[in-house]
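The values are calculated or read from the model by the stated rules, or taken from the named source; none is laboratory data. No experiment lies behind these values; they were computed from the predicted model shown. Cβ atoms come from the backbone with ideal geometry, glycine included; neighbour counts cover every protein chain shown. What goes into the accessible areas is simple: the full protein's heavy atoms, side chains included, and nothing from ligands, DNA or RNA. Shrake-Rupley method; radii C 1.70, N 1.55, O 1.52, S 1.80 Å.
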Amino acid sequence: MRTRHFAYRTEQVYLHWIRRYVNFHDRRHPRELGAHGVETFLSHLAVDAKVAASTQNQALQALLFLYRHVLEIDLPWLENVTRALRPRRLPVVLTPAEVRAVLAQLEGTTWLVANLLYGSGLRLMESLRLRVKDLVLERHELIVRDAKGGKDRVTVVPQTIMGALRSHLRRLHVRFDQDRAAGAPGVSLPSALMRKFPNASLQWGWQYVFPSGSYCEDASSGRPIRHHLHERVVQRAVQAAVRGAGILQPASCHTFRHCFATHLLEAGCDIRTVQELLGHSDVRTTMMYTHVLCRGAMAVKSPLDREL
């Protein structure tokens, strides 16, 4: 997987499904199982485990990689797989007042991350992987590097949090100077940049905007590094904020991204502009937010209201 430059999270997911597949078949070797074993496991996920269609497809891709590229076995067309249903669900979208109520429950770094999720339309990991060099505050924009699909994009930085963001960077620079004076390890770097630019991890521009408070071991080199803030810290804080705000809908960190797109469309922003800000390859993906605009179902007025 690493020779094919798979993301680290993809490695973890594929290994998870391969282990689960082997354990499901009483730890028999995958060579002995073949297509029938794959079909039985995938059908079990849909019928017994009742997983979503995307989860079943994720397991399928992991097993196809195992057989094609590791065991070098070509599987026939898997015709006897019971497919999980793919329901068409609308995203959860909060009103602007509800978003403000949730943000009011947060403080510190999690408040700043949540404001970027809503104000810039970022995914959670996109915000946590931000580097100092990716913030262009003079132009009120930030650059999202290596996002979903390996694409870069530019989005807006809210004017409302500009002061808080600058103060956060100043505090971060103080700790950065202290770490350099103490000879502390640098941050993690993508791909082969550690070999190409060995001192980049110690430079200010490459530091995470939201760094972890402790050091960990680099998955590739095994050396101690400072990684970004763990996503569970923000997820738990947002869940507590949703409960504290009295929101009944199942809102999460990703809900802020849905709200960003929907509220821009409600304000009259062009859908192609919203598409570019979100990084969608197809405008049809962005069009799902037109179904949840706060203008009534399908954005029409009821005939009963016309009579009143």
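Overview of values
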{"quantity": "Selection status of residue 98, under 16 Å from the mean Cα position of the chain (by Cα), acidic (Asp, Glu) and surrounded by 15 or more Cβ atoms within 10 Å (Cβ to Cβ)", "calculated": "no"}
{"quantity": "All positions within segment 135-153 that are touching a residue at least 40 places away in the same chain (Cβ under 8 Å) and either more than 24 Å from residue 226 (Cα to Cα) or open to solvent by less than 60 Å² (accessible area, probe 1.4 Å) (or both)", "calculated": "135, 144, 147, 149, 151, 153"}
{"quantity": "Per-region count, segment 88-141, residues acidic (Asp, Glu) and not in a helix (DSSP H, G or I)", "calculated": "2"}
{"quantity": "So residue 75, is it assigned to a loop (DSSP other than H, G, I, E, B), open to solvent by less than 80 Å² (accessible area, probe 1.4 Å) and either over 24 Å from residue 31 (Cα atoms) or among the aliphatic types (A, V, I, L, M) (or both)", "calculated": "yes"}
{"quantity": "Residue that is modelled with pLDDT of 90 or more and open to solvent by 60 Å² or more (accessible area, probe 1.4 Å), where the choices are 306, 243, 257", "calculated": "243"}
{"quantity": "Residue in segment 143-164 that is touching a strand residue (DSSP E or B) at 6+ places or on another chain (Cβ under 7 Å), of a type in the set (D, E, K, R) and outside any strand (DSSP E or B) present", "calculated": "yes"}
{"quantity": "Helices (runs of 4 or more DSSP H) lying entirely in segment 185-293 (those with 3 or more residues that are in contact (Cβ under 8 Å) with a residue 12 or more places away in the chain and touching a Cys at 6+ places or on another chain (Cβ under 7 Å))", "calculated": "231-244"}
{"quantity": "Lone unmet requirement of (1) more than 30 Å from residue 4 (Cα to Cα); (2) modelled with pLDDT under 90; (3) in contact with a helix residue (DSSP H, G or I) (Cβ under 6 Å, 6 or more places away or on another chain) for residue 87", "calculated": "(3)"}
{"quantity": "Candidates 188, 212, 252, 201, filtered to the one that is over 18 Å from the mean Cα position of the chain (by Cα), among the polar types (S, T, N, Q), open to solvent by less than 50 Å² (accessible area, probe 1.4 Å) and under 18 Å from residue 124 (Cβ atoms)", "calculated": "188"}
{"quantity": "Qualifying residue in segment 112-119 (condition: open to solvent by 30 Å² or more (accessible area, probe 1.4 Å) and at pLDDT 90 or above)", "calculated": "yes"}
{"quantity": "Given (1) farther than 30 Å from residue 161 by Cα; (2) β-branched (Val, Ile, Thr); (3) open to solvent by less than 80 Å² (accessible area, probe 1.4 Å), number of the condition residue 70 does not satisfy", "calculated": "(3)"}
{"quantity": "Checking residue 163 against (1) modelled with pLDDT under 95; (2) of a type outside the set (Ser, Thr, Tyr); (3) out of contact with any helix residue (DSSP H, G or I) (no Cβ under 9 Å at 6 or more places or on another chain); (4) open to solvent by 50 Å² or more (accessible area, probe 1.4 Å), the condition it does not meet", "calculated": "(4)"}
{"quantity": "Test: residue in segment 126-143 that is under 24 Å from residue 265 (Cα atoms) and aliphatic (A, V, I, L, M)", "calculated": "yes"}
{"quantity": "Test result for residue 95, hydroxyl-bearing (Ser, Thr, Tyr) and over 30 Å from residue 246 (Cα atoms)", "calculated": "no"}
